[in-house]
Structure formats: C-alpha cells, structure tokens
Amino acid sequence: PALIGAAVAYAVSGEVSVSGDQRVHETGKVAGLWRIPVSEVMQREVGSTDANSTLREFVQSLGAHHLHAAYPVSAEGQPVGVIAMRALGRVPAEKWDDVRTGDLAERGGTRVPPNCTLYEALRLLTDQRGRHMLLVTSPDGKLEGILTKTDLLSALQATGKPTANYSPAPADIT
C-alpha cells in the first residue's frame, strides 16, 4: 500500500519519478485522468460468489484464471459485501462445507456509480480502511463491475487520451 501511495502521489503531482536523475513529465495525461469515469477503466467481467455458496464451492468455482485478493458477494442479485481470500485461512479446510461465503464477507463494500471519477475512486481506495476494490453499481444496485488499485495504476500507465467532452455528474458514493 505504501508503494502504491507513493506512485500515486507522484502521479497526482503531475510528475512521475523514474529515478533520481531522470524525470518524465506527464502533467497533461494525469490531469485528464481525473475526469475519466470509473466505467471506462473498471473490470466488467467479475468473478463473484453467492452469499449462500459454501467456501468449498467458492474455491472450486475460481479455477486458475480468477486470482484476486477479494471477490464480491451477492444475495438475490445484489452485492452485499466482499470476501477477502485471506479470510479463508480463518476457517479449517474440513469446515469449508459448513461455512457460507456470506458468513465471512465484509458487509457493505464501498459502492460507486459508473460516473464516479477516477480521482474520487483513488481517494476511496487509499483511505485507511484497506479496501481491496470498489463495487461499481447501477442506480438499481446491480453490480456492473469492480475497480481495484491495479486498475487505477494501469489507467495511469495507459497512453490513450481521456474521453473528450466528458462532464461527470456528482458521484453518489455509498
């Protein structure tokens, strides 16, 4: 987290320090980044789990292609929280058939609308609560995607230009 914070601090200042002798000025790109909505950067194909799934069912459903630190947990089609992979270590493997993912999920999770800016998303992801991800939800509460710190850093690294004429509405953060 400290390394990510340092990288983002350099980016926010408009300069990215490559080394003590070398500086890359990215002011225009970084300034434009903060007007980009999370919907342009978020992961749309999201591995998630139902709150009633057992831990064993959850782990078996992941496969080798889904390797994240945390996953959204849903009940009745609505996100209800986030389960961190480290939480699995608190339950002995022989009890994985008896414990539901909803039992271990951190309830709530921070939700943002698709038009939330990357600047606000960065603020939320780097606060002291150690969030793994933001849940990007539609006005009716449906999960549209997730945004992680890695997604933000990838956006910083991207060479594309921000969307022209984008003017976000105030974000409804819950």
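Based on the mean of other beta carbon atoms within 10 Å per residue, what is the order of 113-119, 96-102, most packed first? Intermediate results must be reported in sequence, preceding the final value.
Values: 113-119: 19.3, 96-102: 16.4.
Ranked by mean Cβ neighbours within 10 Å, highest first: 113-119, 96-102.
How would you order 71-77, 120-126, 55-61, 132-138 from highest to lowest mean count of nearby Cβ atoms within 10 Å?
Working: 71-77: 18.0, 120-126: 19.7, 55-61: 16.4, 132-138: 22.0.
Ranked from most to least packed, the peptides come out as 132-138, 120-126, 71-77, 55-61.
Which percent of the accessible heavy-atom area of the stretch 45-154 goes to carbon and sulfur, probe 1.4 angstrom? It would help to have the intermediate numbers written out before the result.
Values: 2750 of 5650 Å².
With neighbouring chains kept in place, the figure for the stretch 45-154 is 49 percent.
How far, in nm, would the chain grow between SER154 and ASP97 when pulled straight, counting 0.36 nm per residue and subtracting the alpha carbon separation?
Working: separation 57, 0.36 × 57 = 20.52 nm, distance 3.73 nm.
Working it through step by step, the gained length comes to 16.8 nm.
Suppose R0 equals 22 Å; then what is the FRET efficiency for GLU144 and GLU76 from their Cβ-Cβ distance, rounded to the nearest 0.05? Walk me through the intermediate numbers first.
Details: r = 17 Å, r/R0 = 0.76.
Between GLU144 and GLU76 the formula returns 0.85.
The values are calculated or read from the model by the stated rules, or taken from the named source; none is laboratory data. Here the structure is a predicted model, which is why all the values come from computation and not from measurement. So basically every Cβ, Gly included, is an ideal-geometry build from the backbone, and we count neighbours across all protein chains shown. Only protein heavy atoms, including side chains, enter the accessible area calculation; ligands, DNA and RNA are left aside. Shrake-Rupley method; radii C 1.70, N 1.55, O 1.52, S 1.80 Å.
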